[in-house]
Amino acid sequence: MAMGSTRRTMLAAGAVGTAALLAGCGGDSDGGSQEETSPGDAGTGGGGEELATTADIPVGGGRIFKDRKIVVTQPQEGEFKAFSAVCTHQGCIVSSVSDGTIDCACHGSRFKITDGAVVRGPATQPLPAEEIEVSGNSIQSV
């Protein structure tokens with residue numbers, strides 16, 4: 001009987017370990033990108049906290065705010081957009097913004113900086129828009 005208990009204990013421990021390993025592979029990888037951080041929680045609706053200044057967001061590019069899970073882009077001079085930084089494929093945080101796209105290093109999905117639409121899969125859904133407010137040269141979460 002002691003042998004059966006030990007075997008069950010080992011199988012249960014192995015299952016827990018496997019589940020923990022799989023959860024660790026889930027989607028927090030950011031591909032080693034450069035990103036900005038800002039104070040506040042990781043959710044939306046930060047109550048008008050400043051994310052960046054307009055000068056921080058390059059024209060034709062953008063910046064990822066990993067801790068807020070937001071990416072802010074400037075498709076054209078003076079036009080600022082914001083999207084969820086969570087890839088719609090498997091939940092990774094997007095890794096970079098370049099050449100007019102928001103890129104996810106996990107599986108290669110790319111999204112337009114203008115509207116978050118999918119440019120290249122495997123993602124099939126666009127990045128959801130986030131609300132921001134530009135006041136003077138300050139970009140704030142709403």
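Some observations on this one:
- Each residue of segment 75-85 is assigned a 3J(HN,Hα), and the resulting list reads x, 9, 3, x, 10, 10, 10, 9, 9, 4, 8 Hz, derived from the Karplus form 6.51 cos²θ - 1.76 cosθ + 1.60 (θ = phi - 60°), x at Gly and Pro.
- Put a dot 7 Å past the Cα of residue 140, heading toward its Cβ, do the same for residue 124, and the two dots end up 4.0 nm apart.
- Shape category assigned to segment 54-142 from the gyration tensor of Cα positions, a/c cut at 1.5: prolate
- Shown in residue order for segment 97-108 are the 3J(HN,Hα) couplings computed by the Karplus curve 6.51 cos²θ - 1.76 cosθ + 1.60 at θ = phi - 60°: 10, 7, 6, x, 10, 9, 10, 10, 6, 4, 9, x Hz (x for Gly and Pro).
- Inter-probe distance in nm under a simple model that places probes 7 Å from Cα toward Cβ, at residue 53 and residue 117: 3.4 nm
- Extending 7 Å from the Cα toward the beta-carbon at both residue 131 and residue 76 defines two label points whose distance is 2.5 nm.
- For residue 130, distant residues with modelled amide H under 5 Å away: 82, 83, 84
- Computed in the context of the full set of protein chains, the accessible area of segment 39-142 at 1.4 Å probe radius has 45% of its extent on carbon or sulfur.
The values are calculated or read from the model by the stated rules, or taken from the named source; none is laboratory data. Predicted model only: the values in this text are computed from it and were never measured. Heads up, the Cβs are rebuilt from the backbone with ideal geometry, glycines too, and the neighbour counts pull from every protein chain shown. We work out accessible area using only protein heavy atoms, side chains counted, and drop any ligands, DNA or RNA first. Shrake-Rupley method; radii C 1.70, N 1.55, O 1.52, S 1.80 Å.
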